[in-house]
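Notes follow the structure.
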Amino acid sequence: VELAYLVVLFSAVAIVAPRPIVADGMVWYALSVGLVSFLVAVAFHVAIRRIPGFADRSVLSSSRPGLRDVTVRDATSAFLLAWWWFGAGFLTFRGPFVNTSNGYFGSWGGLAASGSWASSCVAEIRRATDGA
């Protein structure tokens, strides 16, 4: 997951580094998409290694019977999916990764990786609610 985030981050850095003053807002947005998602993913992975049960902590309690609480894992994957949904769309349709390049494929790879993680969380929620 983090690899796609780093590809977008470094692709944006490659655009900004030679001429930071000339870089437009979309290049800075590309930097933020890569950097924020990378930091969120790394922080999540560090936290689950150092804090027992961190990923399964409840963030939002369900008041409806048969539904399980939303966990840190669910919330993080949903955030990254939404972040990359907009990120991949804007970065590849408006710029700076309109042409096929590392940044272009990294953007769609970031969305695919985030989507895969979110879908595994949804499958886990379905299993939990079906068993209740």
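The values are calculated or read from the model by the stated rules, or taken from the named source; none is laboratory data. Being a predicted model, the structure only gives us computed values, none of them experimental. Here the Cβ positions follow ideal geometry from the backbone for every residue, glycine too, while neighbour counts run over all protein chains shown.
Across the range 27-59, what is the number of residues that are basic (K, R) and in contact (Cβ under 8 Å) with a residue 12 or more places away in the chain?
1
For the range 24-132, which fully contained helices (runs of 4 or more DSSP H) count at least 2 residues that are at pLDDT below 85?
On the way: elements: 25-50, 72-93, 102-131.
Of the helices (runs of 4 or more DSSP H) lying wholly inside the range 24-132, those with at least 2 residues that are at pLDDT below 85 span 102-131.
Go through the range 60-90 residue by residue and tally those that are surrounded by 13 or more Cβ atoms within 10 Å (Cβ to Cβ), in contact (Cβ under 8 Å) with a residue 12 or more places away in the chain and either closer than 25 Å to L111 by Cα or charged (D, E, K, R) (or both).
Matching residues across the range 60-90 total 19.
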